[in-house]
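K.L.:
Structure incoming, see below.
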Amino acid sequence: MPSRNNSALHFSKRQSTLTSALKLTALIGINCALSSNVFADNENVSAANSSTTSHWSGYVSATATSNVFRQSEPSSYQSISGNGRIGYRDTWGSIRLSVGGELETHHNTSYYYDSLLEYRTPVNNINENWSMLASAGLYLPTSHNSQKNKLNAAPRLAGYVFYRPSPQWSVYLSPRVRYNAYQHKIGRQGEHFVEHRVDMLADITWHFSDHWYLDVSGSYAMAKKFNSSRYDNLFTATQEIGWEFAPQWIAAIGHNNSGTFYDPERGSSHGFEIYDKRSSVFYLSITKYL
C-alpha cells in the first residue's frame with residue numbers, strides 16, 4: 001500500500017503537470033489573440049507619419065503587453081516584443097519586409113514571428129476621397145513553430161480600400177487570403193494545422209488634435225484546417241490612443257481581445273465581448289517611423 005508521503009508526491013506531480021498545462025493553454029490562447037493585431041502595422045497611422053520624400057519607408061517598434069491576472073495565477077501573461085519593417089517604393093510599387101519577435105517574461109519564453117515579404121502595387125486614386133491597392137506577400141518560416149513543423153512558405157493575397165474624407169478621419173478595409181504550405185499536415189505533437197485562412201479587417205482612425213489620435217479596428221477570420229471541411233472563426237477587436245510626442249515618434253496605449261464571434265444558438269455568454277478578462281490584454285508601445 002502506498003505511503004502517505006508517496007501519495008502526496010504523486011499528487012504534487014499531477015498538480016504541477018496540470019499547472020504547466022494551464023500555463024501553456026493560456027499562453028497559446030493569448031498568442032493567438034496578439035498575433036494578428038499587436039504585431040500588425042496600422043496603415044492609417046503609418047501613412048500619416050512616414051516620410052513622403054524618400055524612396056525608403058518603415059518603422060521600428062517596442063511593445064510591453066500584459067493581462068490583468070496576478071503573476072501568481074497560471075493565466076498571468078506579460079511580454080516585451082519588438083518588430084519593424086523596411087520598404088522601398090518607386091513608380092512600380094513597393095517591396096516591404098516585416099520582422100519581429102517576443103519575450104514572454106512571466107514564463108520565460110522567447111520566439112520570433114514569421115517574417116512577411118510583400119509587394120504592393122502603386123496606389124490607385126479612384127477620386128478625391130477613395131483609393132486602393134493590391135498586395136502579394138509571402139510569410140517566411142522564421143518562427144520556431146513553423147520551422148519545427150516544416151512550414152515551407154505561406155503566400156498571402158490582400159487588398160486595401162482607403163476612404164479619407166478629411167485630414168482628421170481615415171478608414172480602410174482589407175480582405176486577405178492566406179495559404180499555409182506545410183510539408184506535413186499533422187505536427188509532431190499531433191497538431192492539426194490551418195490550411196487556409198480568410199480575413200476581413202476594418203480600421204478607423206480619428207486624429208482629434210494635431211498630435212493625438214484614436215484608432216478602433218476589428219477583424220473577422222475564417223480558418224480551415226487540413227483534412228477538414230469545418231471553418232473556425234475568430235473575431236479580434238483593438239482600441240488604441242496614440243500621441244506623437246516628437247516628429248515621427250508615436251507612443252500608444254491600447255487594448256486587444258480575440259475570441260469566438262457571437263453565436264445566437266449558443267447564447268450571449270459564449271459570444272465575443274469587447275473586454276473579457278480571460279483573453280483581453282493591454283499594451284504600451286513606442287514606434288519610430290522612417
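The values are calculated or read from the model by the stated rules, or taken from the named source; none is laboratory data. Just so it is clear, the structure is predicted and the values come from calculations on it, not from any experiment. Using ideal geometry, Cβ is built from the backbone for each residue, glycine included, and neighbour counts are taken over all protein chains shown. What goes into the accessible areas is simple: the full protein's heavy atoms, side chains included, and nothing from ligands, DNA or RNA. Shrake-Rupley method; radii C 1.70, N 1.55, O 1.52, S 1.80 Å.
K.L.:
Okay, which of the stretch 164-187 sit inside 16 Å, backbone N to the point 7 Å along the Cα-Cβ direction of ASN152?
P.N.:
179-186, by backbone N distance to the label point.
K.L.:
At what distance in nm do the modelled label points of VAL161 and TRP206 sit from each other, each positioned 7 Å from its Cα along Cα→Cβ?
P.N.:
Here the modelled spin labels are 2.3 nm apart.
K.L.:
Solvent-accessible area of TYR139, probe 1.4 Å, all protein chains present, reported in Å² to the nearest ten, please.
P.N.:
Number for this one is 40 Å².
K.L.:
Here's another thing I want to ask about it. Based on alpha-carbon atoms only, what is the radius of gyration of the stretch 137-230 relative to the globular estimate 2.2 N^0.38 Å?
P.N.:
On the way: Rg = 17.8 Å, N = 94, 2.2 N^0.38 = 12.4 Å.
Rounded to two decimals, the normalised Rg is 1.44.
K.L.:
Could you name the aspartates and glutamates in cross-link range of LYS277, using Cα to Cα under 17 Å and dropping any fewer than eight places away on the same chain?
P.N.:
Output for LYS277: GLU73.
K.L.:
Counting just the Cα atoms, what span does the stretch 65-167 cover along each of its three principal axes? Round to the nearest Å and put the largest first.
P.N.:
Principal extents (Cα only, largest first): 55, 37, 19 Å.
K.L.:
Follow-up question, since we're still on this one. List the aspartates and glutamates whose Cα sits under 17 Å from the Cα of LYS150, skipping any in the same chain fewer than 8 residues away.
P.N.:
Cα-Cα hits under 17 Å: ASP114, GLU191, GLU195.
K.L.:
I'd like the carbon and sulfur percentage of the solvent accessible area for the stretch 173-233, probe radius 1.4 Å, heavy atoms only, ligands and nucleic acids excluded.
P.N.:
57
K.L.:
Right, next: Quick check: net charge around VAL171, other residues with Cβ under 14 Å of its Cβ, Lys/Arg +1 and Asp/Glu -1? Don't jump to the answer; show the numbers that get you there.
P.N.:
Values: positive: ARG164; negative: GLU43, ASP203, ASP215.
That works out to -2.
K.L.:
Moving to a separate point now. Label ASN233 and HIS107 with points 7 Å out from Cα along Cα→Cβ: what is the distance between them in nm?
P.N.:
Distance between the two pseudo-spin positions: 2.8 nm.
K.L.:
Taking only protein heavy atoms and a 1.4 Å probe, what accessible area per residue, in Å², does the stretch 63-169 have with all protein chains in place?
P.N.:
Ligands and nucleic acids excluded, the figure is 52 Å² per residue.
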